[in-house]
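One structure is given here, and the rest of the page talks about it.
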Amino acid sequence: MNRTDERSIGDLFTELSQEVSLLIKQEMVLLRLEMTEKVQQYSRAAVYFVAAGLIAYAGFLALTGAAVFALWLFLPGWLAALIVALVWGGISFMLVQQGKSLIEHTELTPHKTVETLKEITRGQPDEHRSAA
């Protein structure tokens, strides 16, 4: 009987171990890619929050005084200031809501990687039992 084409059980386990190791490494690469995508989505949402803050601050400093003085020509000063503050508050609120909606629709769980790793760990003990 020619055994040159046959491999021992030890060789098969070694090969299996190497392939499982490679598969796990590839899943880790996929995990890294998925998490990078999730972080980029959160980064885009953060831009909206930063923009909301900057616009609110810059608007308050640069235009509030001018708008209040312009309205003061027709209204009492306190009413002019209140109207300008409400306008800037509304703009800031809309930007915050936009950023919030981006975050609410972004999930951090890397579903593909989790499922594949579950399949790998479920399948591995069965392979060891059938070979033994």
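The values are calculated or read from the model by the stated rules, or taken from the named source; none is laboratory data. None of the values given here were measured: they were computed from a predicted structure. Here the Cβ is made from the backbone with ideal geometry for all residues, glycine too, and neighbour counts use every protein chain on show.
Do you know which residues across the stretch 3-40 are among the charged types (D, E, K, R) and in a helix (DSSP H, G or I)?
First pass over the stretch 3-40, keeping only residues among the charged types (D, E, K, R): 3, 5-7, 11, 15, 19, 25, 27, 32, 34, 37-38.
Residues satisfying the conditions are 11, 15, 19, 25, 27, 32, 34, 37, 38.
Within the stretch 83-101, is even one residue aliphatic (A, V, I, L, M) and more than 34 Å from the chain's Cα centre (by Cα)?
Filtering the stretch 83-101 down to residues aliphatic (A, V, I, L, M) leaves 83-87, 91, 94-96.
Pick out the ones that are also more than 34 Å from the chain's Cα centre (by Cα) and you get 83-84.
Looking for residues that are aliphatic (A, V, I, L, M) and more than 34 Å from the chain's Cα centre (by Cα), one finds at least one in the stretch 83-101, hence yes.
Look through 74, 93 and report the one residue that is in a helix (DSSP H, G or I) and among the hydrophobic types (A, V, I, L, M, F, W, C).
On the way: 74 fails: in a helix (DSSP H, G or I).
Going through 74, 93 in turn, just one is in a helix (DSSP H, G or I) and among the hydrophobic types (A, V, I, L, M, F, W, C): 93.
Check 24, 9 and return the single one that is over 30 Å from residue 84 (Cβ atoms) and under 27 Å from the mean Cα position of the chain (by Cα). So that I can check it myself, show each step before the final result.
On the way: 9 fails: under 27 Å from the mean Cα position of the chain (by Cα).
Of 24, 9, the one residue that is over 30 Å from residue 84 (Cβ atoms) and under 27 Å from the mean Cα position of the chain (by Cα) is 24.
Name the residue, out of 45, 66, that is surrounded by 14 or more Cβ atoms within 10 Å (Cβ to Cβ) and either modelled with pLDDT of 90 or more or not acidic (Asp, Glu) (or both). Write out each step before concluding.
On the way: 66 fails: surrounded by 14 or more Cβ atoms within 10 Å (Cβ to Cβ).
That would be 45, the only listed residue that is surrounded by 14 or more Cβ atoms within 10 Å (Cβ to Cβ) and either modelled with pLDDT of 90 or more or not acidic (Asp, Glu) (or both).
Considering each of 95, 71, 31 in turn, give the residue that is closer than 30 Å to residue 112 by Cβ and surrounded by 12 or more Cβ atoms within 10 Å (Cβ to Cβ). Steps first, please.
Numbers: 95 fails: closer than 30 Å to residue 112 by Cβ; 71 fails: closer than 30 Å to residue 112 by Cβ.
On inspection, the qualifying residue turns out to be 31.
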